[in-house]
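Notes follow once the structure below has been shown.
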Amino acid sequence: MFNLRIGKHYNGWWTMTKAASLTRVAPDYKPVGEYMPAGWIQWPDNPDYSFQFMRILGAAQEGASAISECFLAGTRITPGDDESWYREWTAMGHVNKKRAEQAIAQHHINTARMNWLRAANYFRCAEFFLHHDDPRRLELLDLLEGCSQEYMKRMSPAGEVVKVPYENGAHLDAYFLRAPYELEKQPTVICFGGLDEFKDELLHEIPKHAFPRGMSVLLVDLPGQGATLRRQKLTVRVDTEVPVSACVDYLLSRADVDPDKIALYGASLGGYYAPRAASFEHRLKAVVSDGAIWDLQRSVNTTGYDPGRIAIRHLHWVLGIEGAGTQEGFKAIVEALGQFRLEGVQDKIQCPYLIVEGECDFAGFEFAVESYEYSKKHGLDVTFKEFTAEETGAAHCQIDNPTLGQEFICDWLADKLGIDQRQLPAPLQKPWV
């Protein structure tokens, strides 16, 4: 609790004495953090925790977290203590979920919507460092999807929960969000993340930028992602054109999708999934790699062997390879990743291709450049966009400033899909998201 009466006025600023400070913080808490070229680094000695903190912090400008709530949780987390990470973000999720429920009971729809959106993102964040078979992952998945879907119900038009037909009776978990215009058929973008991103995280990243540019979106968990991995145990596959083609087939079954204006967006490892799929699925009219992954084996080899890094542990899970934390397991991972390369494949892309890269991307700026140069050499219609530390957005997938990335990407997509933003009809209702 705060005792606001203890505040003191000093040179025009209100300050607080020690008695008015937070009553519950991590036992070893001390003020930390600094701004660096790749963005805000909360715990310089713990890159994994710092990156995930920057990820949730950057979501604040898109409405899916609150800056003060993020820093409050940060004071209560001990870097490296996965239980403290789980505990504090789960608690913050419940605070926002309860606030949403109280607001909707009073018919305060917009307040409820935004609290559900923040709650969903906090629950997503909470599960990040849990072991892959920890039952709390499924509990948090239920919570985050429940909050996402309450949020979508209050969109205009309301979002849809979709099960995209896949293989052998399985499906791909997805959300379809229609742009708010009275157009019979609309351009649509299929969107997915990478190694650890949910369709639910894309919910705050993409629609608010796609909608005013005249594009609907299909947010999907591919095999190895989100609910598709956690509930159906479907692991990642190299030939991503198979699940992406299933998404295209689904969109073509809808009366409200323009069949000649379907595009594809992939972030992080999705920066491999998307161009790989577009190399074989030629019904796509544009494709985006947000954080290009040219050769995943080379990218992982540059990091060296560290069994404690969360990315290596997660690769074991999404690939379905045993032996996490062992040298033998790491060798098996590296061998499997040899298939995830775009040389000899990417030259088959027939639509415009955008590569977006931050100059401080830990996945390797040089690999994005290599992908671009290969594309130019083979005559692709390719665009390369670099975000620098000077302008911000230089981190992996612009998580330090996601707004800049999505503004550029959605403008590019709208242009390539033939959308003149000056000619769009008035939207049915605002706010859209």
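The values are calculated or read from the model by the stated rules, or taken from the named source; none is laboratory data. Because the structure is a prediction, the values reported are computed rather than measured. Cβ coordinates were reconstructed from backbone atoms using ideal geometry, including for glycine residues, and neighbour counts include every protein chain displayed.
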*asked:* Suppose we filter segment 117-126 for residues that are of a type in the set (A, V, I, L, M, F, W, C) and more than 11 Å from His204 (Cβ to Cβ); how many remain?
replied: 4
*Going through segment 382-395 one residue at a time, which ones are assigned to a loop (DSSP other than H, G, I, E, B), buried (at least 16 other Cβ atoms within 10 Å of the Cβ) and out of contact with any Leu (no Cβ under 7 Å at 6 or more places or on another chain)?*
Ala389, Ala394, Ala395
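Table: residues versus (1) buried (at least 18 other Cβ atoms within 10 Å of the Cβ); (2) over 13 Å from Gly358 (Cα atoms); (3) of a type outside the set (Lys, Arg).
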position: Tyr372; (1), (2), (3): yes, yes, yes
position: Leu380; (1), (2), (3): yes, yes, yes
position: Cys397; (1), (2), (3): yes, no, yes
position: Thr403; (1), (2), (3): no, yes, yes
position: Glu407; (1), (2), (3): no, yes, yes
*Check segment 198-205 and report whether any residue there is outside the structural domain of Met92 (by TED's automatic domain parsing), at pLDDT below 95 and of a type in the set (A, V, I, L, M, F, W, C).*
no
*Consider Glu62 carefully, then state whether it is in contact (Cβ under 8 Å) with a residue 60 or more places away in the chain and of a type in the set (Asp, Glu).*
yes
*So which residues in segment 87-144 are at pLDDT below 95 and of a type in the set (D, E, K, R)?*
Asp133
*So how many residues does segment 55-90 have that are aliphatic (A, V, I, L, M), under 16 Å from the mean Cα position of the chain (by Cα) and within 16 Å of Ala126 (Cβ to Cβ)?*
4
*What residue, of Leu251, Leu219, Leu203, is closer than 26 Å to Arg154 by Cα, in contact with a Lys or Arg (Cβ under 6 Å, 6 or more places away or on another chain) and buried (at least 19 other Cβ atoms within 10 Å of the Cβ)?*
Leu219
_Step by step: first the residues of segment 318-361, then only those that are among the basic types (Lys, Arg) and part of a helix (DSSP H, G or I), then the one that is nearest to Asp134 (Cα to Cα). Which residue is that?_
Lys331
*Quick check, is Tyr122 in the same structural domain as Arg230 (by TED's automatic domain parsing) and either among the hydroxyl-bearing types (Ser, Thr, Tyr) or surrounded by 23 or more Cβ atoms within 10 Å (Cβ to Cβ) (or both)?*
no
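Conditions tested, residue by residue: (1) in contact (Cβ under 8 Å) with a residue 24 or more places away in the chain; (2) β-branched (Val, Ile, Thr); (3) surrounded by fewer than 24 Cβ atoms within 10 Å (Cβ to Cβ).
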position	(1), (2), (3)
Ala246	yes, no, yes
Pro259	yes, no, yes
Ala263	yes, no, no
Ser268	yes, no, yes
Ser279	yes, no, yes
His282	yes, no, yes
Lys285	yes, no, yes
Ile293	yes, yes, no
Val300	yes, yes, yes
*asked:* Among (1) part of a loop (DSSP other than H, G, I, E, B); (2) at pLDDT below 95; (3) of a type outside the set (Gly, Ala, Ser), there is one condition Arg422 misses while meeting the rest; what is its number?
replied: (1)
